[in-house]
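Colleague: Can you keep this structure in mind? I'll have questions shortly.
The values are calculated or read from the model by the stated rules, or taken from the named source; none is laboratory data. As the structure is a prediction and not an experimental result, all values here were calculated from the model. Please note: Cβ atoms are built from the backbone with ideal geometry, for glycine as well, and neighbour counts cover all protein chains shown. Accessible surface areas use protein heavy atoms only, side chains included; no ligands, DNA or RNA. Shrake-Rupley method; radii C 1.70, N 1.55, O 1.52, S 1.80 Å.
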There are 2 protein chains.
Amino acid sequence: MRSTVVLCLAASLASVSGQTFQRLGTCPTLGCVLPPDQQDFLPGQQFDIRFEVHAPKNGSEAFNGGVPDEKFTATIQKDNGRTRSIADFFNLKEPSLEKWTFSWYEDLFAQDAKTPSVVNVASKIYRRVALYEPGTYKVTLNYFSGKTTTAEWVVRPIANKKKAKNVIFFIGDGMTTNMITAARLLAHKTINGKYQTLLALDKFPVLGHQMTHSIDSFITDSANSASALYSGHKSTVNAMGVYADSSPDLFDDPKVETVVELLVRIWGSAWGAVSTAFLADATPIALTAHTRSRYAYGPLIEQALNGLGNYSWTKTNGPDAYFGGGAEQFLAGSGSYLGKDYYAEFANKNYSISLNKTALLAAPKDKRALGVFCRSNLPVWLERNIFKDNLQKLSNDPAGGKGAATDLPGLKEMTLKAIDVLHTRGGNKGFFLMSEAASIDKQMHVLDYDRALGDLLELDDTVQATIEKLKSLGILDETLIVVSADHGHGFDVFGNADTKYAAAQGDDRKKRNAVGVYQNSGLSQYTVPQEGVSYGTGANFPVNWDPRYVIAAGLGANPDHRESYGVGKSGPRVPATTIPGKSSDDLYVNPTDRPNGFVVNGTLPTNEAQGVHSLTDVPVFATGPCQETFGGVYSNIDVFYKIANCLGLAHGTNKTVCDDGKSNGGNGKYNDGHGGHY
Amino acid sequence: MRSTVVLCLAASLASVSGQTFQRLGTCPTLGCVLPPDQQDFLPGQQFDIRFEVHAPKNGSEAFNGGVPDEKFTATIQKDNGRTRSIADFFNLKEPSLEKWTFSWYEDLFAQDAKTPSVVNVASKIYRRVALYEPGTYKVTLNYFSGKTTTAEWVVRPIANKKKAKNVIFFIGDGMTTNMITAARLLAHKTINGKYQTLLALDKFPVLGHQMTHSIDSFITDSANSASALYSGHKSTVNAMGVYADSSPDLFDDPKVETVVELLVRIWGSAWGAVSTAFLADATPIALTAHTRSRYAYGPLIEQALNGLGNYSWTKTNGPDAYFGGGAEQFLAGSGSYLGKDYYAEFANKNYSISLNKTALLAAPKDKRALGVFCRSNLPVWLERNIFKDNLQKLSNDPAGGKGAATDLPGLKEMTLKAIDVLHTRGGNKGFFLMSEAASIDKQMHVLDYDRALGDLLELDDTVQATIEKLKSLGILDETLIVVSADHGHGFDVFGNADTKYAAAQGDDRKKRNAVGVYQNSGLSQYTVPQEGVSYGTGANFPVNWDPRYVIAAGLGANPDHRESYGVGKSGPRVPATTIPGKSSDDLYVNPTDRPNGFVVNGTLPTNEAQGVHSLTDVPVFATGPCQETFGGVYSNIDVFYKIANCLGLAHGTNKTVCDDGKSNGGNGKYNDGHGGHY
C-alpha cells in the first residue's frame, strides 16, 4: 500500500506540480490541511482550521472513483506531547461535514481542449481557535485508510511588551529599489556624481529586503501580499485574511486575524487606512478583509465597518480614519453591499464624511473620519499637480454626479489628517496607520513610468512630511515608521532618449537610435530649470517633467505597445487594446497611444493588456522603536511579526480589551493553555 | 561682461547639458577643474590635479575664436584660510603648459550630419599631491579675464585605526536584488511559501543599497563603478583610477590612489584579485589601473605587476594572488604589453604560475601566485558543471594552443586558494581580496538568464565556502566580508513559461500564451527532483535546470531577439547579429538563437547587440568588523570610505611602510600639513 502511494505521488508530481494551474495551491496531495505545512503563528492569534479530502473523478490524479473519504480524521500534537483530536485539543464540538465539487485544468493543453479535471471534496472546518504556547505543532490528516498529510506549525515566541506606541506603515504598491533609484534621479540634483539632496527614504537608518512570493505561486498580487504583511500568513493570489480553500463560497475560507484586529482586541488602539486607490482595493481593504476574492468590493467595505456577519470574529469597530477613492462602494447602488448607502452607514456610526479636500482639512480630529474623494482611484500626482486639465475629462464625482472630482487631496494631506485623527482618538493607546501610494503599481501596469514615479515621489514627500508632523506632535520617538512595498514590477532605467531626435526619425528602427546608453545617458535634465517651465511643486519633485532628454526605461514584461519615451500629457496610458471584430481577450498595440513611437511586441500572453508583477524582493525602510529588527533579508510575513512584536501583540492568553477600555487577559473560553477557542 | 557670460552659459546649458554627448563630463563650463566640484577625499590619499581651459572653435559654444586662455591661474583655500596658488600650497614647481585639440558632437543630429564641434585646450597638471587635514577646500580656476570655475572638495575625517585585519570584497558584476531573488527561486526549495534553505547572502546581518551612477552620466560601466568602489572617486565610463580629461593620451589623466595602493603603502598588507573574467577586465584590473580606457588590456596587466612606468606613483609590488582568465595578455603576442611573455614576467618576480585547476590547488601558499586558466573569460558555471560538452568547442587553452581549457577551477576554488595564499603572506599585516563573479553581467548582457543566475549561485556558494574557510583558519571574526555589485541590469522574473506548450504552438502570439503570470506562475520546478536528472552540483544549486515549467524573465532593455524561455543547452547566447551585406553596426534577430521562439523587437539603438546596464541601486551585504556601517542607502564611493575606515587608511600624514615592513608616518615631502606632494 505504502509503495503504491509513493508511486502515485511521484506520477502526480511529475505531471502537475509547479504547474500553470494547480488543483489547489498548498495541497499537492489529495488531503489538504489549512493552514498548511510550514506556517508560523503569533501566540494568541485567532484562526480557522480546514481539512479537505479530494477525490478526482478523472484526469491524471483520478482516485477512488471520485468518491472522497468522508471519515477522515485529524490530530494535533505539540512538540513531543500527546496526540489529540482537533476537537479535543481546542475544546470544540466536532463540526459537520461539508461536500462540494470543483474542476480545474491540468495544463494549457487541457484548457485548449476544454477537458477539465473534476474533483469531489469532503471537508470540515474548525472555526476561531488560537495557539498560545510557543513551540512546534504537528497536525495530521488521516484519509483513504492509510494516506496522511501532515502540517508542521510554529508558534513564535511571546512578545507582549509594547515597544512602539504607534506604527505608521507606508506601502508603495509595486515599488522596487529600481523605481526608487529612478525617482531620485528625476527629483534630486547631482553635481559631478554627488546628490545635493536626497529622498526621505535614503535617510532611513535601517534597510531590509522582503520576499513577496505567494504561498502557492512565485508571483503575488496585492491582495495576497498585503495579507501576508498584515497577518503573518501568506495566501493565494486574490485572497486576503484567509487560506484559500476549494469551496465555491468566497467567504467561508479559513481565516487569520490581522494586525488591526489584534491591536484593537488587545490594546484598544485607534487605526486607519489611507490610499490613493479606491478604499475597497486590496492594499487598504486587506486590513479587515477575509475572503478568497478581492473583487467582492461591496461586502469588503461592509466588513471594514461592521466586521464579519457570517461568522463570529474579532471586530475592529471600523477604522478611525479612512481616506481614499472608490465612491462606487459608498454610493447606494450596484457597487455597494446590498445596494446600501455607505456614506449613511458610516455617518450613522458617528463618522465625519468628507468628499473633498476642503472638507477633509476641516474635519474634526476627535471624531472618526471617512473621506472618499472620487469614484475609482484618485487621479495620479501628475494629473493633480501638472496636467490638471486632464482632471476635467473625468466623471468621478464622489457624490455620484456626472462631473469631475477636482478638489482632491493628495497622499500627503490624507496621511497628515489621518495622523491628527488617530493621535487624538488613540490617546495613550496609540494607533496604527497604513498609508498606500497605490498608483506606483497602477501606472507601472500601463507602462506609464512618469506617472508611477510621480506617485513614488509623492510617497517620499509624504514620508518626509510625516516625520515632521510626528516631530511637531512630540511623538516621533514613540512611532515606528516602516516604508515598504507589496511586490515589484520588472522596471529599470537604461539610458536617456532624445525625444527631439526620435520625433524627427521616420522609421521604427531609427527612432530607437535616440536612446543613449552608458556615457550617452548623460545627466538628468529633470532637475535642470528651463525657461517658461515652473510647476511650483516643491523641492522633492522634478523642476521639469518634459525635458528634451528623458529617461529610457522598460518593464521586461510587456503587452504589445508603442514606445516613444517621455511623459504622456493627455492622461494615463493604455498601451494595448482589442481590435474591433476580434476577440475581447486578444490584445494588440493601441494605435492612439504614442502614435509616433516605435512598436514593441510583447513578451506576455496576448490576453494581457498590461505589464504584470514581478518576483523581486522589495526594500523595507525602518526608523523608530524596533528599527533594528528590520535589517537583512526576510519573508513578507516577517514584516508582520516584527510589527506585532513591536506592538506587543503576541500573548499567551486571549488578551482582550474590555468595554471600559481596560485590558483583560483571557476572557474567552480556552483549554489547558495549548490552544483555545472562543 | 558678467551678463554676457551668464547668457552664454544659459544658452550653452539649454543646448548641450544633460545631453547624449558632452564636451567633457564634469565640465559644463569652459574651465575644468579635475577633480571637479563636490568630490570627497580620504586624508592622505594621493591624487593629481588637472586644469583645462576650453575654447570651442565652432558650434553653440564657440568662444574667443577658438583660442584658449594660456594664462589661467588656479588657487586653493581650506575652510576660511588663506587663498594660495596650487604650486605654493602643495610646495610644487609650476608645471609646464600643455595644449591639444579635440572634437565632439553636440547631439545626434550633428552626428548624423557629421558636423563636429572642435575645441582647443590649454592645460596644466599637478601630479601626486595629497590633502591631510579634514575639512573643505575651495579650488578656483580663473580664466578668460573674469571667468571662474570653482570646485569644493571635502576631505573626510581621519580614521587611522585598523578595525578589520582582512577585507574580502565580493563583487557580483551586474548583480541586482532582482537577480538574487530569481537565483534563490531556482536553487532553494519552498514549502507553502517558506524557504527550507536560504542563500548565504540572505543570512548576512547588514544590508545597504549603493547608488552606482557615474560622475557624468547616470548609467555606469564596470570600469568606472569599480574605480568608485576602490578609490572613493567616481569617474567616467571606461575610466579607472583617474578623472577623465580631454587629452588624447589615455594614460595622462589625473589619478587617484586605490584601496590596494593605500593598503600596501600604509600597512604593507597582502592583496589579491580573483575573477571569472579575463584578469585585464575592468573589475579586477581597476584595483591597480590608472587610465581613461579600460581597453588598454596589455598595459594594464603591466601596471598591475609593476605599477606605472610613466609617472611616479604608489607601487603595490604586484598582487599576492591573481587568478582568472585572459591568457591573451600573458602570452607573448599582440595582446600583451610590448609583446612580452607575462607568464615569464610574473615568474621572474617569483610568482608560481598555474594554468589549470590541478596546478592551482598544488601551488605553494607562501609564494605569490598567478593563475590564468583560459583565454578570454572563464566558461560559465553552467558549462563547467552541467553542459560540459560545450567546453570542448572552445579554443581557449591558456598555454596558447588550439585546444580547449578543460581543467578549470571555479570561483570557489580560486577564492579559497587566494585566501590561503593571502593569509599566509599577509601574516599579521592582513590582506585585501577582491573576488568577482563576472559573468552574471556578461550573461545578462546576452539575455542568457540561466547562465547569469548560475554564476550568481556560484558566487553565493563561494561566499558560503569562504565563511567556512575563514572559520577554519580562525580569522572569521577579524575579517570584514562585503558582497555587492557594480551596477545592475533591468532584469526581473514575471512568471513561468510552459516550454512544452510553447514548442507546440505554431505562431508567435500563441507561443506567448505559454507564459503563466500571478497565480499561474505556480511553484519553482528547478528544485523538484526529476527522474534521470541528477547534476550532483550540491545544495546551493538547482536540482533541474531544464524543467518543463521554466521562469519567464525579461531585461527591459533589449536588442532584437527571439525568446523561447528556458535554458540554452548549446552554450552562451548570441541574441542579435548583423545581416550579411548590411552594415556591421546594424543588428537584427539572430536566426540561429532560439529558432522556435517568438520574435521580440528591441528597445535599444539598433547598433546594440546586447542588453545594457541599468540605473538601479544595488545591494550591499556586510558581515564582520564594521558591518554596522554598511546599512542604509549611500553612494558607491561610500563603500570605499567604509572599507578604508575599517582598514585604518585615512591618515593625517604620508604614512608609508618602510622596506623593513615597519610603518613610517610621513616620509615624503610635505608642507604645513594642509597638503603634500611627493
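Colleague: Output the number of the condition that A:GLY516 fails; it satisfies all remaining conditions of (1) closer than 26 Å to A:MET414 by Cβ; (2) crowded, with 21+ Cβ neighbours inside 10 Å; (3) of a type in the set (Gly, Ala, Ser); (4) not assigned by TED's automatic domain parsing to the domain that holds A:HIS188.
Modeller: Evaluating A:GLY516 over (1) closer than 26 Å to A:MET414 by Cβ; (2) crowded, with 21+ Cβ neighbours inside 10 Å; (3) of a type in the set (Gly, Ala, Ser); (4) not assigned by TED's automatic domain parsing to the domain that holds A:HIS188 leaves (1) as the failure.
Colleague: Something else: Limited to the range B:514-537, what total is found for residues that are assigned to a loop (DSSP other than H, G, I, E, B) and closer than 20 Å to B:TYR449 by Cα?
Modeller: Looking only at the range B:514-537, we keep the residues that are assigned to a loop (DSSP other than H, G, I, E, B), and these are B:514, B:517, B:522-529, B:531-532, B:534-537.
Still in the list and also closer than 20 Å to B:TYR449 by Cα: B:514, B:517, B:522-528, B:535, B:537.
Final tally of qualifying residues: 11.
Colleague: Same structure, new question: Of the conditions (1) within 13 Å of another protein chain (Cβ to nearest Cβ); (2) over 30 Å from A:ASN80 (Cβ atoms); (3) surrounded by 22 or more Cβ atoms within 10 Å (Cβ to Cβ), A:LYS234 fails just one. Which one is it?
Modeller: Every listed condition holds for A:LYS234 apart from (2).
Colleague: Only one of these is on the phi > 0 side of the Ramachandran plot and either out of contact with any strand residue (DSSP E or B) (no Cβ under 6 Å at 6 or more places or on another chain) or not assigned by TED's automatic domain parsing to the domain that holds A:LEU433 (or both): A:GLY597, A:GLY648. Name it.
Modeller: One residue alone meets the criteria, A:GLY648.
Colleague: Also: What pairs come out if I take residues in the range B:304-316 that are open to solvent by 10 Å² or more (accessible area, probe 1.4 Å) and pair them with residues that are among the hydroxyl-bearing types (Ser, Thr, Tyr) and assigned to a helix (DSSP H, G or I) whose C-beta lies under 7 Å away, six or more apart or interchain?
Modeller: none
Per-residue answers, yes or no, for (1) under 25 Å from A:GLU563 (Cα atoms); (2) assigned to a helix (DSSP H, G or I):
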position: A:ALA399; (1), (2): no, no
position: A:ASP407; (1), (2): no, no
position: A:ILE419; (1), (2): no, yes
position: A:LEU422; (1), (2): no, yes
position: A:GLY427; (1), (2): no, yes
position: A:ILE440; (1), (2): yes, yes
position: A:LEU459; (1), (2): no, yes
position: A:ALA465; (1), (2): no, yes
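Colleague: If I ask for residues that are more than 8 Å from chain A (Cβ to nearest Cβ), buried (at least 19 other Cβ atoms within 10 Å of the Cβ) and within 20 Å of B:LEU201 (Cβ to Cβ), which ones from the range B:476-508 would you list?
Modeller: Scanning the range B:476-508 gives B:THR479, B:LEU480, B:ILE481, B:VAL482, B:VAL483, B:SER484, B:ALA485, B:ASP486, B:HIS487.
Colleague: Residue under question is A:LEU331, and the condition is that it be in the same structural domain as A:VAL260 (by TED's automatic domain parsing), in contact (Cβ under 8 Å) with a residue 12 or more places away in the chain, in contact with a strand residue (DSSP E or B) (Cβ under 8 Å, 6 or more places away or on another chain) and hydrophobic (A, V, I, L, M, F, W, C); does it hold?
Modeller: It is false that A:LEU331 is in the same structural domain as A:VAL260 (by TED's automatic domain parsing), in contact (Cβ under 8 Å) with a residue 12 or more places away in the chain, in contact with a strand residue (DSSP E or B) (Cβ under 8 Å, 6 or more places away or on another chain) and hydrophobic (A, V, I, L, M, F, W, C).
Colleague: I've got another one for you. Hey, can you tell me all the residues within the range B:237-250 that are in a loop (DSSP other than H, G, I, E, B) and within 18 Å of B:ASP281 (Cβ to Cβ)?
Modeller: Once the filter is applied, which keeps residues that are in a loop (DSSP other than H, G, I, E, B) and within 18 Å of B:ASP281 (Cβ to Cβ), the range B:237-250 yields B:VAL237, B:ASN238, B:ALA239, B:GLY241, B:LEU250.
Colleague: Now for a separate question. Just wondering, is there one or more residues in the range A:522-541 that are among the small types (Gly, Ala, Ser) and facing chain B (nearest Cβ under 9 Å)? Lay out the reasoning, then the answer.
Modeller: Going through the range A:522-541, the residues among the small types (Gly, Ala, Ser) turn out to be A:522, A:524, A:532, A:534, A:536, A:538-539.
Now restrict to residues that are facing chain B (nearest Cβ under 9 Å): A:522, A:524.
Yes, the conditions are met somewhere in the range A:522-541.
Colleague: Another question, then. Go through (1) closer than 28 Å to A:SER524 by Cα; (2) out of contact with any strand residue (DSSP E or B) (no Cβ under 6 Å at 6 or more places or on another chain); (3) within 11 Å of chain B (Cβ to nearest Cβ) one by one and return the number of the condition A:TYR588 breaks.
Modeller: Result: A:TYR588 passes all but (1).
Colleague: If you check B:THR148, B:THR115, which single one turns out to be open to solvent by 50 Å² or more (accessible area, probe 1.4 Å) and outside any strand (DSSP E or B)?
Modeller: Of B:THR148, B:THR115, the one residue that is open to solvent by 50 Å² or more (accessible area, probe 1.4 Å) and outside any strand (DSSP E or B) is B:THR115.
Colleague: While we're looking at this one, here's another question. Can you name the condition, by its number, that B:ASP546 falls short on among (1) farther than 27 Å from B:LEU198 by Cβ; (2) of a type in the set (Asp, Glu); (3) at pLDDT 90 or above?
Modeller: Among (1) farther than 27 Å from B:LEU198 by Cβ; (2) of a type in the set (Asp, Glu); (3) at pLDDT 90 or above, the lone unmet condition for B:ASP546 is (1).
Colleague: Of these, B:LEU250, B:LEU198, which one is open to solvent by 10 Å² or more (accessible area, probe 1.4 Å), over 16 Å from B:ILE171 (Cα atoms) and without any contact (Cβ under 8 Å) to a residue 24 or more places away in the chain?
Modeller: Going through B:LEU250, B:LEU198 in turn, the sole match is B:LEU198.
Colleague: Applying the selection to the range A:467-511, what residues are in a strand (DSSP E or B) and of a type in the set (A, V, I, L, M, F, W, C)?
Modeller: If the condition is that a residue be in a strand (DSSP E or B) and of a type in the set (A, V, I, L, M, F, W, C), then A:LEU480, A:ILE481, A:VAL482, A:VAL483, A:VAL493, A:PHE494, A:ALA497 are the ones that fit.
Colleague: If you don't mind, another one. Looking only at the range B:174-203, how many residues end up being closer than 27 Å to B:THR220 by Cα, polar (S, T, N, Q) and more than 7 Å from chain A (Cβ to nearest Cβ)?
Modeller: Result for the range B:174-203: 1.
Colleague: Something else about it: Residues B:GLY426, B:GLY401: which one is over 24 Å from the mean Cα position of the chain (by Cα), open to solvent by 20 Å² or more (accessible area, probe 1.4 Å), more than 19 Å from B:ALA622 (Cβ to Cβ) and in the same structural domain as B:VAL482 (by TED's automatic domain parsing)?
Modeller: B:GLY401
Colleague: Filter the range B:366-383 down to the residues that are open to solvent by less than 30 Å² (accessible area, probe 1.4 Å), touching a helix residue (DSSP H, G or I) at 6+ places or on another chain (Cβ under 6 Å) and not in a helix (DSSP H, G or I) and list them by number. Don't jump to the end; show me each part of the working.
Modeller: Taking the range B:366-383 as the starting set, the residues that turn out to be open to solvent by less than 30 Å² (accessible area, probe 1.4 Å) are B:369-374, B:378-383.
So of that shortlist, the ones also touching a helix residue (DSSP H, G or I) at 6+ places or on another chain (Cβ under 6 Å) come out as B:369-372, B:379-383.
Matches in the range B:366-383: B:ALA369, B:LEU370, B:GLY371, B:VAL372, B:PRO379, B:VAL380.
Colleague: Determine, yes or no, whether B:THR276 is over 14 Å from B:GLU436 (Cβ atoms) and surrounded by 24 or more Cβ atoms within 10 Å (Cβ to Cβ).
Modeller: Taking the combined requirement at face value, the residue does not satisfy it.
Colleague: I'd like the residue in the range B:89-109 that is more than 12 Å from B:PRO68 (Cβ to Cβ) and free of Cβ contacts under 8 Å to residues at least 24 places away in the same chain and, out of all such residues, is surrounded by the fewest Cβ atoms within 10 Å (Cβ to Cβ).
Modeller: B:LYS93
Colleague: Something else about it: How many residues, within the range B:548-570, are more than 7 Å from chain A (Cβ to nearest Cβ) and part of a loop (DSSP other than H, G, I, E, B)?
Modeller: 11
Colleague: Any chance the range B:456-472 includes a residue that's touching a residue at least 40 places away in the same chain (Cβ under 8 Å), within 14 Å of another protein chain (Cβ to nearest Cβ), touching a Gly at 6+ places or on another chain (Cβ under 8 Å) and under 28 Å from B:SER439 (Cβ atoms)?
Modeller: Yes; the residues of the range B:456-472 include at least one that is touching a residue at least 40 places away in the same chain (Cβ under 8 Å), within 14 Å of another protein chain (Cβ to nearest Cβ), touching a Gly at 6+ places or on another chain (Cβ under 8 Å) and under 28 Å from B:SER439 (Cβ atoms).
Colleague: Identify, from the list B:HIS209, B:HIS188, the residue that is touching a residue at least 12 places away in the same chain (Cβ under 8 Å) and in contact with a Pro (Cβ under 8 Å, 6 or more places away or on another chain).
Modeller: Unique residue meeting the criteria: B:HIS209.
Colleague: Shifting gears a bit: B:THR603 - would you say it is in a loop (DSSP other than H, G, I, E, B), within 10 Å of chain A (Cβ to nearest Cβ) and at pLDDT 90 or above?
Modeller: Working: in a loop (DSSP other than H, G, I, E, B): yes; within 10 Å of chain A (Cβ to nearest Cβ): yes; at pLDDT 90 or above: yes.
So B:THR603 passes the test.
Colleague: Suppose we keep only residues that are in contact with a Phe, Trp or Tyr (Cβ under 6 Å, 6 or more places away or on another chain) and assigned to a loop (DSSP other than H, G, I, E, B) within the range B:254-269. Which one would you say is farthest from B:PHE170 (Cα to Cα)?
Modeller: From the range B:254-269, those in contact with a Phe, Trp or Tyr (Cβ under 6 Å, 6 or more places away or on another chain) are B:254, B:256, B:258-260, B:263, B:269; that's our starting set.
Narrowing further to those that are assigned to a loop (DSSP other than H, G, I, E, B): B:254, B:258, B:269.
Details: B:PRO254: 28, B:THR258: 17, B:SER269: 18 Å.
Within the range B:254-269, the match that is farthest from B:PHE170 (Cα to Cα) is B:PRO254.
Colleague: Only one residue in B:LEU361, B:LEU433 is under 25 Å from B:LEU262 (Cβ atoms) and among the aliphatic types (A, V, I, L, M), so which one is that? Give the steps one after another, and end with the answer.
Modeller: Details: B:LEU361 fails: under 25 Å from B:LEU262 (Cβ atoms).
Only one candidate passes the filter, namely B:LEU433.
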